Each structure stands twice: as C-alpha cells, then as structure tokens.
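S.K.: Mind having a look at this structure? Questions to follow.
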Amino acid sequence: MRRKLVIGNWKMNGNRAANSALLSGIVAGLNDFGADCAVCVPAPYLAQCQAQLAGTPVAWGGQDVSVHASGAYTGEVSAAMLVDFGSTYVLCGHSERRAYHGESSALVAQKALAALASGLTPVVCFGETLAQREAGQTEDVICAQLQAVLDAIEPAQVGKLVLAYEPVWAIGTGKTATPQIAQDAHRFLRECVARKDAVAAQGVQILYGGSMKPENAKELMAQPDIDGGLIGGAALKATDFLGIIQAV
Ligand code: PGA
C-alpha cells in the first residue's frame, strides 16, 4: 500500500511573518491523518522551515535545484545547500520552470539526478498544455517528459522518485482535471515507469496537481493511482491545506 503524500508548493509567495503563521497553523492542525506532508518554499525561507518544523511531522524542501554542485553559477541553489537546511524534497521541472525558464526535459532529468545524488527526493513534475490535450497528445507529451528522467537514472533509483502529474491547463486556473482524467494519466504514467522497473512502479508515489482544494481532494485521492497532491494556491491557507490532508 502506497502512503499518501501532500506537498504544498508555495511558489514565489510568503514573508517571514505570514510563513510563521501558516506553518504554526499547519503544525497545530495536523492530526494522525495517515498522510505524509511537506512544504516546498522559496530558498530564503528554508532556514525558517528548519527552525519551525524540525521535530514536527511536516517536511520541507525547495522548488528548484541546480544541476551543478558548486561554483560560478550566480543565482543557483545546489542540492547540497537544500540538504544543509534540512530539506527532504525538491521540485524538479514544474511547468512554470519549463515555460518561463526554458527548462527542457533533459535538464529536468539532470536536476533530478543532482537531487538524488545529494539524498533529496526529487518531485518530478509532468503535464500537458490545453493545446496538447486538445490535439490528443497528452500521453505522448507526459511519457516523453517522464522518459527523459527514467533514461537518466539507474534502475535502483526509480523507487526514490516522487512523480507529479500537473496538467498545465489546471494549474492556478480553478479548472481541476476530473478524477477520471487524472486517474487515466496516473495509470498511464505508472505503466511507463513499469517498463523500466515493474516492482518500483507499484511503489512510486504519483501526486496530482492543478487546482486541488478541500472540496475536490477526496474524490481525486480516492482514485487507485493518485497517491497525493501537489498543492499551489490552497497551500497558502492553513485551513485549506489541512482540509486537503484531511481528505486523504
Ligand atoms: P494550483 O498549483 O494548486 O494553484 O493549481 C499547483 C502547482 O502549480 O503545483
């Protein structure tokens, strides 16, 4: 049985006062819901997460990682730096990085490798645009995005990934994929992983992301291949984030 995992993706939001209230609210409201939970925050706030979340059930991590270990790469944050502040997870290849920063699937695969090499769990994001879905290209697009990562890693590393299916048309739009659309994509992604490692495919957590909120989380999470959520907007309010965790 795969454990459920709910990760908040704060994107470029927050400040020290607001973060402090949000993190306290999450920690105070967590019960024994049976799901793992984490927040992926802007790099300057990793220290605040470490100070406030160490010893709680809430893990934390970054939203991007450099492929380089160190050196003359102005503005980049290395995997070792994320680890230095106690991170467990790092997002790799979020659609906003792919769209606004030109990240290719090959680069995303290198980022996942850099994360794995430092002991972080990469949360590798995939998803099709509306135009790609309407052109019937969804499976080709998400399979190619996933395959780039699978080709780059060792078979033994497959089980160390977390995957996140985030249809671009559902992110921040209020348009959630129906449970069936999401389930079909998740089952398909799991089949793609199974071609590399059938046993690992059964264990790998595949999160859904895209306008998930307390009202729709339960039905999405009830799908057999949906193992949790990657939450944007609703992760910025403790009650909404907790509501999603509770829905698990
Ligand atoms: P959203 O974002 O929940 O605001 O749609 C999800 C994401 O981009 O990870």
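The values are calculated or read from the model by the stated rules, or taken from the named source; none is laboratory data. Note that this is a predicted model, so its numbers are computed, not measured. Positions of Cβ are backbone-derived with ideal geometry, glycine not excepted, and every protein chain shown enters the neighbour counts.
S.K.: If I go through the range 221-235 residue by residue, how many of them are assigned to a helix (DSSP H, G or I) and crowded, with 24+ Cβ neighbours inside 10 Å?
M.R.: Of the residues in the range 221-235, 1 are assigned to a helix (DSSP H, G or I) and crowded, with 24+ Cβ neighbours inside 10 Å.
S.K.: Would you please name the residue that is nearest to the chain's Cα centre (by Cα), looking only at residues in the range 125-138 that are assigned to a helix (DSSP H, G or I) and surrounded by 16 or more Cβ atoms within 10 Å (Cβ to Cβ)?
M.R.: Thr138
S.K.: Mind checking which strands (runs of 3 or more DSSP E) fall wholly inside the range 1-74 and carry at least 3 residues that are over 19 Å from Lys111 (Cβ atoms)?
M.R.: Strands (runs of 3 or more DSSP E) meeting the threshold: 4-9, 35-40.
S.K.: Which residues, taken from the range 178-202, are modelled with pLDDT under 95 and either within 18 Å of Ile7 (Cα to Cα) or charged (D, E, K, R) (or both)?
M.R.: Residues satisfying the conditions are Arg195, Lys196, Asp197.
S.K.: Output the residues belonging to the range 140-171 that are outside any loop (DSSP other than H, G, I, E, B), surrounded by 21 or more Cβ atoms within 10 Å (Cβ to Cβ) and in contact with a Cys (Cβ under 6 Å, 6 or more places away or on another chain).
M.R.: The answer is Leu146, Ala164.
S.K.: Go through the range 66-109 and report how many residues are within 16 Å of the ligand (Cβ to nearest atom) and not hydroxyl-bearing (Ser, Thr, Tyr).
M.R.: So the answer is 12.
S.K.: Same structure, new question: Considering only the range 188-218, state which residues are within 26 Å of Ile245 (Cβ to Cβ) and either outside any helix (DSSP H, G or I) or touching a Ser or Thr at 6+ places or on another chain (Cβ under 6 Å) (or both).
M.R.: Of everything in the range 188-218, those that are within 26 Å of Ile245 (Cβ to Cβ) and either outside any helix (DSSP H, G or I) or touching a Ser or Thr at 6+ places or on another chain (Cβ under 6 Å) (or both) turn out to be Val204, Gln205, Ile206, Leu207, Tyr208, Gly209, Gly210, Ser211, Met212, Lys213, Asn216.
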